[in-house]
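Single-structure report; data block below.
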Amino acid sequence: MNAHDSERIKGMLESLGLGEAPSQEEADVLVFNTCTVREKPDTKLAAYLGDAGARKRQDPELVVAVGGCYAEAQRERIFELYPQVDVAFGPGSIPHLGDWIGANGEAPRGRFGTHEHFAGDLPMHRERRYSAWVQVSMGCNSKCAYCIVPAVRGREQSRRPGEIVAEVTHLATDGVKEITLLGQNVNSWGRDLRPELDTEFGELLRACDGVEGIERIRFTSPHPKDFRDPVIAAVAECDAVCEQIHLPLQSGSSRILKAMRRTYDRGRYLALVDKLRAAIPGLALGTDIIVGFPGETEDDFAQTLEVVEEVRYDSAFTFIYSPRHGTEAAALPDQVPEDVKHARLERLVEVTQRIAAEKNAQRVGSMEEVLVEGRSRTDATLLRGRTRSNLTVNFAGDAAPGQLVAVLIEGSTSTTLRGAQRTAVAA
Ligand code: 5AD
Ligand code: SF4
């Protein structure tokens, strides 16, 4: 979501006549789009702003803007903490950016409205030509005890289906082949549109599947509690919806899941995985897992490892629990010591990587449909693309970016595949 917000910020600035500078040192306006979901990005921002402050002392004309969730979370203090900051704006106020950074670069000092607008209708600078993000909702009504998102992005607000389909149609005419529907809790989309509009996320998937030219549809992130049957049926039945689901687990211990306020337990999560796999042949599953949530014992952690072994995820994002000011969990007793958290993360990563490597190795010898993205990053003689399961493939071939080709898989690691192009499947 944050990366997509950056595309909107970039698009807004371009519409004001501000182009991308060749380097940071040559920029007249510096815009930092921040994330505050964990502590690490906060620390990084502090370092970047330190550099920006040094530049501003040399060049007082320099405009420094800080957007995103960190700006929102620190709205009372940001100008105090960082006097070099001229403008701060929350994730919902990208549409107002033009009001304060005029084309002349003149920036009033201050901060403007928060979560109130959809980024959907703003100009956008797409980083990839054939793939696009489409925001379907903003905010989140869940209350996960560790999570800062509801505080910084507000309550859930769904975009109207007509607007979403219009954007997808527009992207398709622009050559986009793959869309990723985005929402903090993407599959609860539509609930707040009732009673005026009686719809749900499965219906939205079907509507997007009907858009001519869209070959692949993904969505992130769904909440296990909202994965109802109509959504499963839509994923199973829509040709364009990829057999790939990111299904955050967070913890494999029902006791910790309860403390996290995830509203499902280990049994319900595993039953959902079974149901998804039965309905969607060849499903690739990804996940998010947090280690070291307050009160997590060795036994709780062992249960997370058990679930990981049982589900066998194709990919996993693993995180060390990081207390976020103002969240419920930050105030809980029994915070887990740093060294214990790090040791657990290491053990978890070892297991998730081993399983991902094993699963990818099983693909060797198979033919995969690959959407070509460009040249390989590691070997310029090869092309790079993605499978429907969302794995990067480096392969020998002569296809152009945006084409869908069949690639014979010849090798694998825990994160990538290697292969050779066989045919051009479609233009
Ligand atoms: N500490 C660690 N990880 C977190 N996440 C969200 N909040 C925190 C936190 N305070 C992780 C969750 C979520 C992902 C986007 O980030 O796993 O799914
Ligand atoms: Fe955060 Fe939970 Fe909402 Fe996801 S569902 S954004 S983890 S509160």
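The values are calculated or read from the model by the stated rules, or taken from the named source; none is laboratory data. Remember, it's a predicted structure, so these values are computed and weren't measured experimentally. Cβ sites come from the backbone with ideal geometry, for glycine too, and all protein chains shown count toward neighbours.
Inside region 218-242, can you point out the residues that are more than 12 Å from ligand 2 (Cβ to nearest atom) and surrounded by 17 or more Cβ atoms within 10 Å (Cβ to Cβ)?
From region 218-242, those more than 12 Å from ligand 2 (Cβ to nearest atom) are 218-219, 227-242; that's our starting set.
Answer for region 218-242, where residues must be more than 12 Å from ligand 2 (Cβ to nearest atom) and surrounded by 17 or more Cβ atoms within 10 Å (Cβ to Cβ): ARG218, PHE219, PHE227, VAL231, ILE232, ALA234, VAL235, CYS238, ALA240, VAL241, CYS242.
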Within region 352-394, residues surrounded by fewer than 19 Cβ atoms within 10 Å (Cβ to Cβ), under 15 Å from ASP314 (Cβ atoms) and among the hydroxyl-bearing types (Ser, Thr, Tyr) come out as SER366, THR392
Note on region 148-180: residues away from ligand 2 (no atom under 14 Å from the Cβ) and within 25 Å of ARG261 (Cα to Cα) are SER158
Scanning region 200-217 residue by residue, those crowded, with 17+ Cβ neighbours inside 10 Å and assigned to a loop (DSSP other than H, G, I, E, B) turn out to be GLU200, VAL211, ILE214, GLU215
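Would you confirm whether or not region 116-132 contains a residue that is more than 16 Å from ligand 1 (Cβ to nearest atom), at pLDDT 95 or above and not aromatic (Phe, Trp, Tyr)? Can you show your working first?
Going through region 116-132, the residues more than 16 Å from ligand 1 (Cβ to nearest atom) turn out to be 116-132.
Okay, now just the ones that are also at pLDDT 95 or above, so 130-132.
Next, only the ones that are not aromatic (Phe, Trp, Tyr) stay: 131-132.
Yes - at least one qualifying residue is present in region 116-132.
Would you tally the residues in region 305-324 being within 16 Å of ligand 2 (Cβ to nearest atom) and more than 12 Å from ILE290 (Cα to Cα)?
First pass over region 305-324, keeping only residues within 16 Å of ligand 2 (Cβ to nearest atom): 316-324.
Still in the list and also more than 12 Å from ILE290 (Cα to Cα): 324.
Count: 1.
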LEU171 passes all but one of the listed conditions (1) within 30 Å of VAL291 (Cα to Cα); (2) out of contact with any Phe, Trp or Tyr (no Cβ under 7 Å at 6 or more places or on another chain); (3) modelled with pLDDT of 95 or more; the exception is number (1)
request  = Test ALA330 against the stated conditions and say whether it is within 13 Å of ligand 1 (Cβ to nearest atom), among the hydrophobic types (A, V, I, L, M, F, W, C) and more than 23 Å from the chain's Cα centre (by Cα).
outcome  = yes
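If you check ASP192 against the conditions, is it of a type outside the set (S, T, N, Q), within 16 Å of ligand 2 (Cβ to nearest atom), farther than 23 Å from ASP288 by Cβ and more than 19 Å from the chain's Cα centre (by Cα)?
Details: of a type outside the set (S, T, N, Q): yes; within 16 Å of ligand 2 (Cβ to nearest atom): yes; farther than 23 Å from ASP288 by Cβ: yes; more than 19 Å from the chain's Cα centre (by Cα): yes.
When the stated conditions are applied, ASP192 passes them.
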Restricting region 243-260 to residues that are buried (at least 23 other Cβ atoms within 10 Å of the Cβ) and in a loop (DSSP other than H, G, I, E, B), the one farthest from the chain's Cα centre (by Cα) turns out to be SER253
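Give the residues of region 417-427 that are at pLDDT 95 or above, out of contact with any helix residue (DSSP H, G or I) (no Cβ under 7 Å at 6 or more places or on another chain) and either surrounded by 16 or more Cβ atoms within 10 Å (Cβ to Cβ) or closer than 18 Å to GLY213 by Cα (or both), sorted by residue number. Even if it seems obvious, please write down each step before you answer.
First, pick out the residues of region 417-427 that are at pLDDT 95 or above: 417-421.
Now drop any that are not out of contact with any helix residue (DSSP H, G or I) (no Cβ under 7 Å at 6 or more places or on another chain), which leaves 418-421.
Residues satisfying the conditions are ARG418, GLY419, GLN421.
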Among (1) away from ligand 1 (no atom under 12 Å from the Cβ); (2) out of contact with any His (no Cβ under 9 Å at 6 or more places or on another chain); (3) small (Gly, Ala, Ser), SER315 falls short only on (2)
Scanning region 37-91 residue by residue, those in a helix (DSSP H, G or I), of a type outside the set (Lys, Arg), touching a residue at least 40 places away in the same chain (Cβ under 8 Å) and out of contact with any helix residue (DSSP H, G or I) (no Cβ under 9 Å at 6 or more places or on another chain) turn out to be GLU39
Restrict the check to region 160-178 and report whether at least one residue is away from ligand 1 (no atom under 16 Å from the Cβ) and among the polar types (S, T, N, Q). yes
Exception for ALA302 within (1) over 28 Å from ALA236 (Cβ atoms); (2) outside any loop (DSSP other than H, G, I, E, B); (3) within 16 Å of ligand 2 (Cβ to nearest atom) falls at (3)
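With respect to PHE293, is the statement that it is buried (at least 22 other Cβ atoms within 10 Å of the Cβ), in a loop (DSSP other than H, G, I, E, B) and either at pLDDT below 95 or not small (Gly, Ala, Ser) (or both) true?
When the stated conditions are applied, PHE293 passes them.
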With criteria (1) away from ligand 1 (no atom under 15 Å from the Cβ); (2) farther than 21 Å from THR34 by Cα; (3) in contact (Cβ under 8 Å) with a residue 12 or more places away in the chain, LYS143 comes up short on (1)
